[in-house]
1. Hey, could you check the range A:12-43 for residues that are of a type in the set (Gly, Ala, Ser) and in a loop (DSSP other than H, G, I, E, B) and say which is modelled with the highest pLDDT?
2. Here are the criteria: (1) surrounded by 18 or more Cβ atoms within 10 Å (Cβ to Cβ); (2) in a loop (DSSP other than H, G, I, E, B); (3) more than 9 Å from every other protein chain (Cβ to nearest Cβ). Tell me which single one residue B:441 does not satisfy.
3. Report the residue count in the range B:231-253 for those that are within 21 Å of residue B:305 (Cα to Cα), buried (at least 18 other Cβ atoms within 10 Å of the Cβ) and facing chain A (nearest Cβ under 7 Å).
4. Of A:62, A:81, A:68, A:99, which residue is of a type in the set (A, V, I, L, M, F, W, C) and in contact (Cβ under 8 Å) with a residue 60 or more places away in the chain?
5. Residues in the range B:294-312: is at least one part of a loop (DSSP other than H, G, I, E, B), within 40 Å of the chain's Cα centre (by Cα) and closer than 26 Å to residue B:414 by Cβ?
6. With A:88, A:108 as the choices, which residue is touching a residue at least 24 places away in the same chain (Cβ under 8 Å) and either out of contact with any strand residue (DSSP E or B) (no Cβ under 7 Å at 6 or more places or on another chain) or farther than 30 Å from residue A:153 by Cα (or both)?
7. Residue check, residue A:71 against (1) outside any helix (DSSP H, G or I); (2) facing chain B (nearest Cβ under 7 Å), all met but one. Which one?
8. Residue B:269 versus (1) modelled with pLDDT of 90 or more; (2) of a type in the set (Ser, Thr, Tyr); (3) surrounded by fewer than 19 Cβ atoms within 10 Å (Cβ to Cβ): which is the lone unmet condition?
Amino acid sequence: MTTSVTDRTTEPASTPSPPIQDAKKWLRSKLPYAGRWPKTAVAMGTLSTLLMLVQAYAIATIAQRLVIESASFAQLYPFFILLPVTLVLRGLCLRAKTIASARAGIQVRQAVRAQLLASISKRSPMWVRGQHSATLGSHLCNDVDALDGYYADYVPQMYLCGLIPLVIIIAVMPLNWAAGVILLITGPMIPLNMAMVGMGAKNLQQAQIVEMGRLSSHFLDTLRCLPTLKLFGLGKRQARSVERVSEDFRKRSMKVLKLAFLSSTALEFFSAVSIAILAIYIGFVYLGQFHFGNWGGTLTLQSGLFILILAPEFYQPLRDLGTHYHAKAAAEASAEVLMPLENGAADNAEDESSSSWQPQGAVSVTFDKVTAHYPNRAKAALEEVSFTLKAGQTLAVIGPSGAGKSTLLSALMGFLPLSSGAIRCNDQPLTALSREQWHHSLGWVGQHPAIIKGSLADNLRMGANASVSQASLWDALEKVHLKEWVEHLPQQLDTPLGEGGQPISGGQARRLSMARVFIRDAPLTLLDEPTASLDSDNERLVIDALEELKQRHSLVILTHRLELLKLADHIVMLDDGCITAQGSFDELSTAGGPLHAVHHSTGGAP
Amino acid sequence: MKPRRESWRDLAPYVAMMKPFLPLLIVGLLLNLLAMLSSVGLVAVSSWFLNASALAGTSVATALAFNYMLPSSGVRFFAISRTITRYGERVITHQGTFKLLSQLRKRTYLLIEPLSPPALQHYGSSELSTRLTADIDVLDALYVRVLVPSIVALLTIITLGVLIGLLDPAIGLFVALSLGFAGTLGPWLAWFRGRRYSAHYQQLDTALRARIVERLDSFAELSLYGQWQQECEALLDQQQQRDQQQLILARQWGDALWLSLALLGISVTGAMVLAAYSATHYGLPTTLVAAIALTVVAAFEAIMLLPQAWQQLGKVQRAARRLNELRDNVPSSSFPDHDEASVTGHQLEIRELSVSFQNIQVLDRLNFSLGQGEHWLLSGPSGTGKTTLLNSLVRFVDPDAGDIRIGGVDIRQLSEPTLRQLFSVAPQQVQVFSANFRDNLRMGRNAISDDDIMEVLEGLGLATWVASLPEGLESWPDESGTSLSGGQLRRFGIARALLKDSPIVLLDEPTEGLDAATQRQVLAFIRQRCQGKTLLAISHRATDLEWFDRYAVMDNGSIVEQGLTHQAINSQYLHAMSV
């Protein structure tokens, strides 16, 4: 029963979209990135088979000389030298093949991961936020790495599956056509059989990838929320859930594997049976029971043994392909996950604007009857919102929780497509600007500041549009009152932050994000509750710093704080996605005005 | 954490863990051995059959006298037994391994569970998650890829040595020794040489994964600040470094293959030379010479894959070492298994409590008493240890000195379930699970009805929010609860705590981020709902005062002022803080 809390890790919002194009085509389209390496692998594999013929010849000849011709020991010397030499050379071929295969896989994966990261950068952060970061991360890690087997092993092996049996048939046919026919008949049945089993395995494999994603997000979820689980006394009980999710994973994996093993068993069977048929056929020819297959001549022990030694090699590439077939199925399933990531980035397609947009100083912002919807919600998140923020002024947006304040900021940042209306900056519609240009003009303090793994200085410089001196870093830290804290850290600005680094409180993270804004020095800064989590002393000083920032820049602040409202030149009151009132603080707080009650009830301690 | 050189002893607990699954694992091992022997048998019998029938076929009389029934049925038998045993072996081996892994996952989770939240933050949750999944998955190679093939190879070599030894002891000995040498040298080299690089590879791989997840988490800000491109390049750089190690490993694997084939060449040629010499000088049937050579080739299949398996061994050892280190570093649970005393009443007494982190004194001999049923507001500048005080009460933090008593009982005498039952807590950071909102609020207490839930949500002003959800309480949050705004998330945390019916309620900044009207509604509801309960709430907001009986002010890790709220008007501290 406790397990119900975290067992279901699917999110209705993130169901994968249907495959847009064929996974096979997609995989093939990435093959050129592997360069010449797959061909090198194929060449080395074929060369190794040719050497194998020499090896079989050596062993068969020794048998012929000894058994039939009763040769002396000394007559065998040349073959005792030939045999190890061919094996050493085959070893070198396999070494070269292994390295070429690894290179092929590495090159493709590097190219694909670069493409995916680039296409994510065109995505709206709203979309990224809607994904489970562990799931998306696992696509970028596991699914890209799952492509490896396709390019490193499967593709070269496909070619070898055609080439090696051909070489062997060409070697066997002139000696005995019946043996050649036995190989030819059993040979094609193997890929046929494999394809049938493989198709079923592919669907299951895809299910397993989904399951793997669930397993990983279940763990991350459990660990992330461990404090809460403990507070509610569920810490120990969750172990059962961990075990059960893991057992589900086992059951699902076993289903896939049982099928996978079935297809490789079919191969084993064909290979073993045809060796048996060949052995019995050739033996019976020797014993005079069979008289066909020799092109009218006689079959020597040398030829018969040569054929028997080659028989397993005839099936070997197909058996190897069988082991790689599941790498291929895994790659195809991964491709189906990766394709929409690569192709679906069109939701924020924008024409690269040629006009140079470099606003100096403060900018003005106008919302003109802006209406916007969240995906999958019928109700408008913003409805007919209109207001103007003049250059250099400060706008405060207030309203009850959930009234659409955060949505308004998202729209202003260009993260939410508008259903109707327009947002203009300095009389230029936002749609005419590339998002990159627009974002250069924005500073941002969000409710979940990004703390990156790196030094404190790296974290501060993250928002900088230009290079920043140490002095300005300290200056910014002082403005947000983190200077003293940083000075007390043993490594000061070099203190590592992020996972495994210096722990940082929610309030400190917020102020760090504030410091970034000072360092970034953008014409328009968006602030979401900038003084939340600060005590009144620090709040006072942050407001001082904001007043300083206000001198040069336009600000948009979401806030409840009276002090910040007093700082604003214009206030917009939102409720349920609509503007209920707007004006200056004085206008709104006159008797009968909407801020009157707030002003007087929040005024001081009772 | 100092990296320690992994040793064989690290693997001991995991080998021991196989005990309950031993029958399954042994059956898997035997089937594997039978499959291997069938495969060798097929080649041996069929090539001997060819040689013998060719020799018999030289004259009509010997051809007719030749008994072909036994060898030809042997050939068919081995062909079929190889197929069946191979399938059975694969299914059973994997079944056993997966069962082992489920146990391992559970145990590892239980290992991590006692970590206190500050320690968890130190490890980083995505790093831990990577550890749990990746390291445990790596351990499956120990059985499937290392132990089973090694044991099967050893048994195959012994069996072969004995069987060939029956024909000619010298050849049997040579075959066993040369195969044994090949089966030891390659794997040992792969393990010894590969250890460093595969350690490095795994480190880089873990770091890459952790970094990708972390960067996706802060994508919005990174993207807005134009940092994403740079982050991508850094990620690709990191990927390249990782792949470089993979290439080195591939090269080593290639070397191992080459060495294996060279050793095969020596073994086959040696066996053939000895057999041919024995046949020409000591009367060993000549028909056996090629059969012995081909048997050696077939048996080499058992050895061929060992180098790669042993390259994995280093990886397995490292995963085991890390899991062991985690086990050793987790403080053993300091909760007693059973309550050593029972609480009488729900008053809190905190005496001379001192807590420090990394030599910084956070709480300094703090004294504080809360009477049963009293409602307290705790105020003070940020960073003075208010949250640490709450963490000490729920034993997320263990104090350096002093004690905390509930109803006269030291909290260290209470078992964890009892202590958890005593407190309802709404922490500052509200964590929303990937589960529907109903399950998120009930937190395993399935007796809580929808009516209860709606009453609390309504009281906290969240009723309209629920109504706006497409499926009401059945709806699912986006990751980290971003579909709730900051103020809603805060109240969601309060609702979750209030639905847990515990006698002591702790609220960390319950009104942060709420507008004045909502603030009043929330506080009024908390007051009504917590009637008769001991309540401690942290707040900076002077306007919250009127909803509480008493207040206390904390500064520099201790209580500097306390009193009744209606007298707070005289407080200098509160004046300094009020807006």
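The values are calculated or read from the model by the stated rules, or taken from the named source; none is laboratory data. Since the structure is predicted, the reported quantities are computational estimates derived from the model, not experimental observations. Neighbour counts run over all protein chains shown; Cβ positions are idealised from the backbone, glycine included.
1. Applying the first criterion (of a type in the set (Gly, Ala, Ser)) to the range A:12-43 yields A:13-14, A:17, A:23, A:29, A:34-35, A:41, A:43.
So of that shortlist, the ones also in a loop (DSSP other than H, G, I, E, B) come out as A:17, A:35.
Numbers: A:17: 42, A:35: 91.
Residue satisfying both the conditions and the ranking: A:35.
2. (2)
3. The qualifying residues number 3.
4. Details: A:62 fails: in contact (Cβ under 8 Å) with a residue 60 or more places away in the chain; A:81 fails: in contact (Cβ under 8 Å) with a residue 60 or more places away in the chain; A:99 fails: in contact (Cβ under 8 Å) with a residue 60 or more places away in the chain.
None of the others qualify; the one that does is A:68.
5. First, pick out the residues of the range B:294-312 that are part of a loop (DSSP other than H, G, I, E, B): B:305.
Add one more test, that the residue is within 40 Å of the chain's Cα centre (by Cα), and what stays is B:305.
If we keep only those that are closer than 26 Å to residue B:414 by Cβ as well, we get none.
No, because not a single residue in the range B:294-312 is part of a loop (DSSP other than H, G, I, E, B), within 40 Å of the chain's Cα centre (by Cα) and closer than 26 Å to residue B:414 by Cβ.
6. Details: A:88 fails: touching a residue at least 24 places away in the same chain (Cβ under 8 Å).
Exactly one residue qualifies, and that residue is A:108.
7. Unmet condition: (2).
8. (3)
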